[in-house]
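Shown next, in structure tokens, is the structure this report addresses.
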Amino acid sequence: MIPNLRHLELVREVARLGGIGAAARSVHLSQPAVTQAVASIERYFGATLFVRSTGGIAITAAAEICLSRIERALEQLHEGLIESRRGQGLPRVGARAGARRLLHKITNAQLMALIQFVEHGSFASAARASNVAEATFHRTARALERTLAVPLFERTSFGIRPTRAAQALSRKARLARNEIEQALSDIDALRGRSSGRTIIGAMPLARSYIVPVTLIDFARDHPEHALSIMEGTYEHLIAALRSGEADVLIGALRERHLAPDVHEEHLFDDVLSIVASADHPLKRRGKLQVADLARFPWIAPRSTSPLHAHFDALFRDAGMEPPPQPVQCNSMVAARAFLLEGNYLMLASTHQIHYELEAGMLTALPHPRGRVVRSIGLTMRRNWQPTLAQNHLLELLRSHARGVGAGNRSRKVRALGGV
């Protein structure tokens, strides 16, 4: 749960104005009320934020961390409230001031109810996930809708679904919650403990080799940090990244048509090969021609992936049409079965089949056009501020990726598969 939103704002005011009394006068509350708010936030984070003295207050190291994250969390909520009210015929003048006023009227419980509803798709499912009675959950969610005076739930032929306004606010509320969780992690780091969690959205190449070896190394130094690998299509993963369900993506870069709130970091150029079973008839041939490849069935990348453009170019650059009706598959487990049980071919990175090559199950044949590469890297939210532990994880990802890239540069394509 996000802490009490009003209390978070009061802590920010105490730090900004340098004292409990000044903050109380600024927000027209009593000093005991502000003191109680500060105490509740200190209990939440398990840390002293202000050291009080006759000369005023001093900000602790824990407070430095919390105040930065609190500011970022409140900014996310302000943006979410502004986005949720766009297109409703409401005046744009004073939108940010209006968002601040609205934030004083809503509760963290209402925001969490909205997040759960958007995630689970119905009041019944969201109530079960929240472990509250459906009627209670329904009242909490509808109270938020009334406060905002914006439709958050609409009835469709598939049942009640979140509106665009609900999705916009839910996304920002989730990002705000992430900021608070990251503050807790960084405060633990001050005490010499490693806590928190990181969810990595991994595309096929990365989850086959780079991510596993990285997480093995990371877990040795951060045994209490929870790690998860999220799989799925690029469209699913990028949506999870933008909403805060994933922290970072690693895999093939799109380089164009990126959402404005994400950016990419190039790590290395990945060499592509023709993957086949270890006893495939083409393994015994010399230099491959595209006509040789066209005689066998293919496993093709999904049409929306960057690899599919390389698949089409393999044939069209030779003046040929791609094989008709290839099997489209994004799962290495399924692809392995096709490759082992038939004479299928697949365009892929040798690193994606690293362990199958070591076991002698598959082989990597050289690309007919020589060295053909695709860009591999990280995709992150532009305003993401990783914790200390997450920064270490990113450095490990970069280090292992550089190792893969160095291997690509130092070996000829023919040697990549050991053929």
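We did not get these values from a lab; they are worked out from the coordinates using the rules stated. What you see is a predicted model, and the numbers here were worked out from it, not measured in a lab. Reconstructed Cβ throughout: ideal geometry from the backbone, glycine too, with neighbour counts over all protein chains shown.
Can you check how the C-alpha radius of gyration of the stretch 285-389 compares to 2.2 N^0.38 Å, as a plain ratio? The partial results should precede the final answer.
Working: Rg = 16.3 Å, N = 105, 2.2 N^0.38 = 12.9 Å.
Ratio of Cα Rg to 2.2 N^0.38 Å: 1.26.
Using modelled backbone amide H atoms (1.01 Å from N, in-plane), which distant-in-sequence or interchain residues come within less than 5 Å of Trp298's amide H?
Val327, Leu345
Residue separation times 0.36 nm, minus the C-alpha to C-alpha distance between Ala313 and Glu224: what's the value? Before the final figure, lay out the partial values.
Numbers: separation 89, 0.36 × 89 = 32.04 nm, distance 4.63 nm.
Additional length available on full extension: 27.4 nm.
Is the shape of the stretch 195-419 rounded, prolate or oblate, going by the alpha carbon gyration tensor and its root eigenvalues a ≥ b ≥ c, with a/c under 1.5 for rounded and a/b larger than b/c for prolate? Kindly include the intermediate steps, with their values, before the conclusion.
Working: a/c = 2.11, a/b = 1.71, b/c = 1.23.
In terms of gyration-tensor shape, prolate.
Over the alpha-carbon set of the stretch 252-343, work out the extent along each principal axis and list the three values in angstrom, largest first.
48, 32, 26
Viscosity 1.002 mPa s, temperature 20 °C: Stokes-Einstein D of the stretch 233-272 from its Kirkwood Cα radius, in µm² per second? Present the calculation step by step, with values, prior to reporting the outcome.
Details: Rh = 11.2 Å.
For the chosen part, D equals 192 µm²/s.
For q values of 0.18 Å⁻¹, compute log₁₀ I(q)/I(0) with the Debye formula on a Cα-only model of the stretch 5-172, without solvent.
-1.10
What does the helix-only formula give at 222 nm for the chain: each DSSP H stretch with n ≥ 4 adding -39500 (n - 2.57), the total divided by the residues, and the result rounded to the nearest 500 deg cm²/dmol?
On the way: 17 runs with 212 residues, N = 419.
Rounded to the nearest 500, the figure is -16000 deg cm²/dmol.
Could you compute the net charge surrounding His78? Neighbours are other residues with a C-beta less than 12 Å from the C-beta of His78; K and R count +1, D and E count -1. Let's see the in-between values first.
Details: positive: Arg72, Arg85, Arg96, Arg100, Arg101, Lys172; negative: Glu9, Glu71, Glu75, Glu79, Glu83.
That works out to +1.
Given bins 20 angstrom wide, list per bin the percent of all Cα-Cα distances in the chain, short to long.
22, 44, 26, 7, 0
For the stretch 198-237, what percent of Cα pairs sit more than 17 Å apart?
Above the 17 Å cut-off, the stretch 198-237 has 29 percent of its Cα pairs.
Based on alpha-carbon centroids, what's the gap between the stretch 123-174 and the stretch 1-37 in Å, whole number please?
Cα centroid of the stretch 123-174 versus Cα centroid of the stretch 1-37: 30 Å apart.
Using +1 at the C-beta of Lys and Arg and -1 at the C-beta of Asp and Glu, which of Ala99, Leu67, Ser228 has the Cα lying farthest in the positive direction of the dipole of the chain?
Comparing the listed Cα positions along the dipole, Ala99 ranks first.
Please compute the alpha carbon radius of gyration of the stretch 104-203, then divide it by the globular-protein estimate 2.2 N^0.38 Å. Two decimals is fine.
1.25
Compute the separation of the alpha-carbon centres of the stretch 182-200 and the stretch 46-65 and state it in Å as a whole number.
If we compute the Cα centre of each part, the gap is 20 Å.
Testing the spin-label approximation: label points 7 Å from Cα along Cα→Cβ at Asn131 and Arg302. State their distance in nm.
Using points 7 Å along Cα→Cβ, the separation is 3.4 nm.
To the nearest 20 Debye, how big is the dipole of the chain about its Cα centre, given +1 on the beta carbon of each Lys and Arg and -1 on that of each Asp and Glu? Walk me through the numbers on the way to the answer.
Numbers: 53 positive and 38 negative charges, 166 e Å.
Charge dipole of the chain: 800 debye, to the nearest 20.
Answer with one residue from Pro151, Gly342, Gln328: the one whose Cα lies farthest towards the positive end of the charge dipole of the chain, charges on Cβ with Lys, Arg +1 and Asp, Glu -1.
The residue sitting farthest along the positive end of the dipole is Pro151.
From a point 7 Å beyond the Cα of Thr147 in the direction of its Cβ, which residues of the stretch 97-130 have a backbone N at a distance under 18 Å?
97-118
With +1 on each Lys and Arg Cβ and -1 on each Asp and Glu Cβ, and nothing else charged, work out how big the dipole of the stretch 5-172 is about its Cα centre, in Debye to the nearest 20.
On the way: 24 positive and 12 negative charges, 90 e Å.
I would put it at about 440 debye.
Under the classification rounded if a/c is under 1.5, otherwise prolate if a/b is larger than b/c and oblate if not, where does the stretch 200-283 fall, given a ≥ b ≥ c as square roots of the Cα gyration tensor eigenvalues?
Judged from the Cα gyration tensor, the stretch 200-283 comes out oblate (a/c at least 1.5, b/c at or above a/b).
Taking the dipole about the Cα centre of the chain, with the C-beta of Lys and Arg at +1 and of Asp and Glu at -1, give me whichever of Ala189, Ser40, Leu365 is farthest to the positive side.
Of the candidates, Ser40 comes out farthest on the positive side.
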